[in-house]
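Any read-out appearing in this document is the output of simple, stated calculations on the displayed coordinates, not a laboratory observation. Being a predicted model, the structure only gives us computed values, none of them experimental. Cβ atoms come from the backbone with ideal geometry, glycine included; neighbour counts cover every protein chain shown.
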Amino acid sequence: MNEIPVSIKINGKQVTASVESRTLLVHFIREQAELTGTHVGCDSSSCGVCTVLLDGDKPVKSCTMFAVMAHGHEITTVESLAPGGVLHPLQQAFWDQHGLQCGYCTPGMLMTSVALLKHNPNPTEHEIREGLSGNLCRCTGYNNIVKSIQQAAGVMSQAIPAAADD
Amino acid sequence: MTAPTTEKFAMGKSMKRKEDPRFLQGKGNYIDDINLKGQLYMALVHSPYPHANIKGIDSSAAMKVEGAVACVTSKELNAYNVGWLPTFHGLDKQMVLADGKVLYQYQEVAACYAETREAAYDMAELVEVDYEPLEVVNNPFKAMKDDVILRPDRENKTNHIYNWNVGDSSATDAALAASDHVVKQHVVFPRCHAAPLEPCGCIAEFDTMGRLQFYVTSQAPHVYRTALFLVLGIPEDKIHVISPDLGGGFGNKVPVYPGYVCAIAGALVLKRPVKWIETRTENLTSSFARDYHMDIEIGASNDGKLTALKVNTVADHGAFDAAADPSKYPAGMFGIVSGSYDFPVAYANLDAYFTNKQPGGVAYRCSFRVTEASYLIERAMDIVADELKMDPTELRRKNFIRKDQFPYKSPLNFTYDSGDYEHTMDVALERIGYKQLLKEQAEKRAKGELMGIGISTFTEVTGAGPSKHFDILGIKMFDGAEIRIHPSGAGIIRTGSKSQGQGHETTWAQIVAEELGLDPQNFLVEEGDTDTAPYGLGTYASRSTPVAGGALALAARKIREKARKIAAHVLEVDERDLEWKDYKFEVMGAPGKSITMKEIAFAAYTNPGDNEPGLEATLYYDPPNMVFPHGTYVAVVDVDRETGETKVRRFLAIDDAGTIINPMIVEGQVHGGLTEGFAIAFMQEIAYDEAGNNLATNFTDYLVPTSLESPSWETGHTVTPSPHHPIGAKSVGESPNVGSPAAFVNAVIDALSPLGVRHIDMPLTREKVWAAIRAAEGQAAD
Ligand code: FES
Ligand code: FES
C-alpha cells in the first residue's frame, strides 16, 4: 500500500506519521496520536462522536476527513480542554448539570459546544439545539446538555470581562 | 426537644457522578480504546441475500491482500465444534457463520483476519461467495403457512417456534360474550433497535498460560463467561471476561454475537490477539427488538367497568430464536399486559415464528417484552374510552387496581408489590393542567385545529428475578455484591451488574454509604471484571437496583452486624446494649457514648479484640418477588392538518420508582428513556421490503432523534416503596421507554379523533399521519 507522510499539529503537538492515503483523520488521531477521547459511532457521518476542531474553531467530523486533508493544519481534541486537570467551564457544566451518562458522545458534544460558544457566546435554547443537531446522544435526551451549555455560557461570559480587567 | 433527624446521609441526594471526570476528559476506556500487542483485526463478510444456499466460498483473492492472515468459514468452525451457539433461553441455537445457507440479509458468512483494519476490510470485500437464492419469507403470516421451511436443521419441520399462553381462556371468552361492549383492535409494535452510540466489539487473547482474556462490550460479563464455557468447553477458570466502559447498551449488549465467537476462534488458532469492532451497519443488522403483531379484545360494561381482556400475538423472531429471555418465559414478561387495571379475567396467547430477518428479540430498554405489553394495553384503553364516550382518565380511574388491593394477584399470574395509581395520575393531571388543556382543545377543535392529549398510566414489571421462576442458561437470576471497608473507613464495592451509563459508580456508593454512615466519595465501585466481581446476571431489564442494589444494602447490613461486635469490644459494653442510631452505634441509655463506623473500621484492623479482624462482606441476593414501578405520562401535541407533522408541545412524566437513590440520575434516566420512546413512536423502524432487504442499516435510515426534534421533558415523581426490597427501591431506567410510546400515540390519535381516525401503527411519521388525515377527510367528503 502507498503510504504518505502526514503531519498534523494536534493539541499543540506536531504528530508526523506515514499513513495510507485512505486513512481517516479519526483513526490518525486515535492511533497515530494515541488520543482515544475522539470516538467512532457510525459509518455515515451522522452521529458526531468524532467531532474535533480544525484550525481552532471549526468543528469537523473527523470520520469524514482523510488524515491527508488535515496535513499542515491544527486539530484540537477533547484531551486539550483541561490542561493540568482543571476542567473547562463546559466540562464543569456538563458535570454539574448531569449532561452525560455513558460518556460516549461527550467528547464530540464538548468540542461542538466549544465552537458554538466561540461563535455565539450567548445562544438561545433554540440556537443551542440547532448547534448540537449534528451530534447525537442516545442517553440524555439533550435537556441536560442544553442546560450545561447555558451554564457554561453564563460562566464564560462573566469570566471574559474579569480577565480583561487585570 | 428537637425532633429526631430524618435527614438521610447519602440516599436521595443528587450527588454528582463520580465517573464523570474521566468521561469529560476523553479518558473513558471503551472497547476500541484497548489495544493488545500484536493484535490482528477481524472483518466479517455478510450476505447480500436474505435466503440462499451457499454453493461455495472462495477466499483465494482475499488471501492475496497485503497483510492477510486467514479467512474462516463455518467449515473450520465446525471442525472445532464451535459452528453453532446456544441462544440464551435455550430454545434454539444460532449459526456463528452461515452453515450451508444464509437465513437473513447481512448474516455473517466468513471472518477475515489481517494485520490492519483496512486489510481485513479489503479481504472481506474480496471473499467470493456463490449463492443460490431461495424463496424469501419476510413476515410471520407467510411463515405460518409452512410452505417454505426455513430451518431444516431443526427437529420439527415447521417455522413455528413455540406457543406460550397464560390466564384462563374459557372464562375470558365467556366474560367477553357476556359483556355490554367488546372493543377489538389490531396493533403492531414494529421491529426496532436499541442502537447505543458505541457499537459492540471485542478483543480476544489467549495469554501465555493459555487463559482467554476476553475484553468485550457486555452488559452481563459473568453470563458470558459461563456461556463461553458452554460453547467452547474452556474451563471457567481459564476465561477472564472484562467489560470496560460501555458507550450505552439498552439491551443491545446482552447477547453473545457471532463476531465474538469468530474473534475467539481466530485468537485460538492464530495465536495472536484478535480485535473486532462492529460497524454501525453490523450493529443495526445483527439483532432487533419487538416485532409483535397483537390482537386485543377488551370487554366493558355500559358504565365503563372492564370485564375481560384477551390478547393474541404473532411474534416475528427472525432467523434464529435468539431472544435473551429467561428460560421459563419465552415471551418475557408479556403477562404484564393487564397493566394497571383490575380485570376479573384475562388470557394472553402468543405464537412465535421464524422469518428471513435478523435474529434477536432482545430488549430495547425493556424488561423482556414489557414495552409491547404496556403499549398495547395503554393504547387499547384509549380506544375503549373512545367507544364508550368516556374521558380516558375517567375510564382508567374507574378500573385502576386500588391502593388497598396490594399485593395484587393479576389474572396473568404476577403478584404486584405496591402502587398508588390514582394518586400518581392525579399529581400528573394537576401539574399538566388537564382541565385547562381540555378547554383549550375544545376551542381549537371548534376552529378545525388538531390538538391532542395523550395519557399513559402504565405499570411495568422489573427486577428478574426470584430464583424459583427465573434463570438464563439454567443460572438463577440472583446478583452478588461484595463490600470491603479499609482501615480508614474508605472502601471498595463490587457487584455482578454492569453500568452502561446509569451511574453505578455513584449510586452503589450512595446505597452503601447510607447503610454504614460512611462517605460515598470514598468508595470505589468496580464492575465488569469476572476475576474480581462476584457473580451476577448483569444489567438489563431494569434489574440492577432491584437485585444488585438489594444485594448491596444487605451486604452492608452484614458489615454493620460485624461492626456491632467490634464496637461492643471497643466501648466495653455488651453488643445487645448498642443501638444503630444517627449513623453510629450508641450505647442505649448513655447518650454521647458512641462510636462511628469510621472508628470501627480502624478498630477492625487495629483492635478487633476476640473478633475476626477486617470488615468486609459478600452477599448473594435472591429477590422474593419482582418489583412493579408505575407512572402517569401525559403528552400534548399539535398536528398540522396540511403536512401531518406532529409537534410535541409538552410532555410530563410522573414516575413512581419506589425509594429514590439519586434524584438527578433518576431524572437523567427518565429524559433518556423518553427520548428513546419518542424515537420509537415517531421515527424508528427496521422495515424490510418484499424481497427481504433490510431498509434500516445505518443512521440515515434508522433515525435517532437530534436535539432539534427532541421535546423538552418535564418530570416528577411519587414514591410508593417496594415492600420487599431492602431499601424500598424499584427501578426507573426503562419506565420512560415502556410508558411513553402509548402517550405519544394516544395524543396523536386524540388529535385526529374528530376526523374519525381510530388507530395508526408506529412509527407515526409525517407521511403516515398525513395519509391518515387525507383518508379520513376523503371518507368524510364521500
Ligand atoms: S463517527 Fe459518526 S459522524 Fe463521525
Ligand atoms: S451520554 Fe451516552 S450517548 Fe450521550
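When restricted to Cα atoms, the protein assembly as shown yields an Rg and a Dmax of 28.3, 93 Å, respectively. With a cut-off of 13 Å between beta carbons, the residues surrounding residue B:346 carry a summed charge of -2, where Lys and Arg count +1 and Asp and Glu -1. Each label point was placed 7 Å from the Cα along the Cα-to-Cβ direction; for residue B:303 and residue B:409 their separation is 2.7 nm. Note that chain A carries a Kirkwood radius of 16.3 Å, evaluated over its alpha carbons pair by pair. Counted by neighbouring Cβ atoms within 10 Å, the residues B:238, B:562, B:730, B:55 run from fewest to most as B:55, B:238, B:562, B:730. One Cα centroid belongs to segment B:354-433, the other to segment B:181-210; the line between them spans 24 Å. Which residues does the label zone of residue B:237 cover in segment B:202-219, counting backbone N under 15 Å from a point 7 Å along Cα→Cβ? Taking a point 7 Å out along Cα→Cβ of residue B:237, the residues of segment B:202-219 whose backbone N falls under 15 Å are B:209-212. Residue exposure proxy: B:46, B:569, ordered by other Cβ atoms within 10 angstrom of their Cβ from fewest to most, comes out as B:569, B:46. Applying a threshold of 30 Å to the alpha-carbon distances of B:75/B:238; B:184/B:409; B:13/B:439 flags B:13/B:439 as lying beyond it. Based on C-alpha pairs under 8 angstrom that are at least 6 apart in sequence, segment A:3-81 has a relative contact order of 37 percent. Between the amide H of residue B:292 and those of B:189, distances stay under 5 Å, these residues lying 5 or more places away or on another chain, with hydrogens modeled in the peptide plane. Summary value for segment A:83-158: 49 percent relative contact order, contacts being C-alpha pairs under 8 angstrom separated by 6+ residues.
A DSSP coil position with no more than 10 other Cβ atoms inside 10 Å describes the following GluC sites (Glu not before Pro) in segment B:4-87: B:7. To the nearest µm²/s, what D does Stokes-Einstein give for segment B:423-548 at 10 °C and 1.306 mPa s, using the Kirkwood radius over alpha carbon pairs as Rh? Estimated via Stokes-Einstein, D reaches 87 µm²/s. Residue B:269 to residue B:53: FRET efficiency via 1/(1 + (r/R0)^6), r the Cβ-Cβ distance, R0 25 Å, to the nearest 0.05? Once rounded, the FRET efficiency stands at 0.40. For the pair segment A:34-99 / segment B:211-252, the C-alpha centres are spaced 31 Å from each other. For the residues of B:34-40, the average number of beta carbons from a partner chain within 10 Å of their own beta carbon is 1. If I take every Cα pair under 8 Å that is 6 or more residues apart in chain B, average their sequence separation and divide by the length, what percent do I get for the relative contact order? Answer for chain B is 15 percent. Spatially, segment B:479-503 and segment B:51-67 are offset by 48 Å when compared through their Cα centroids. For the peptide B:193-200, the mean number of other protein chain Cβ atoms found within 10 angstrom of a residue's Cβ is 5. Taking each residue as 0.36 nm, the span from residue B:526 to residue B:158 lengthens on full extension beyond its C-alpha to C-alpha distance by 127.8 nm.
Note on residue B:593/residue B:468: beta-carbon distance plugged into 1/(1 + (r/R0)^6) with R0 of 35 Å gives a FRET efficiency of 0.15.
Note down the Stokes-Einstein diffusion coefficient of segment A:83-158 in µm²/s, whole number, using a Kirkwood radius over alpha carbon pairs, 4 °C, and 1.567 mPa s. The calculation lands on 107 µm²/s. Annotation: lysines with alpha-carbon distance below 26 angstrom to residue B:562 (same-chain offsets under eight excluded): B:8, B:581, B:584, B:593, B:598. Each DSSP beta bridge with both residues in the protein assembly as shown is either parallel or antiparallel, and the antiparallel ones are about 80%. Applying Stokes-Einstein at 10 °C and 1.306 mPa s to the Kirkwood radius of segment B:324-469, computed over alpha-carbon pairs, gives a translational diffusion coefficient of 91 µm² s⁻¹. So, counting K/R as plus one and D/E as minus one, what does the shell of residues with Cβ under 12 Å around residue B:673 add up to? Around residue B:673, the surrounding residues sum to -3. Shielding by partners for peptide B:708-715, expressed as the average number of C-beta atoms from other protein chains within 10 Å of each residue's C-beta, is 4.
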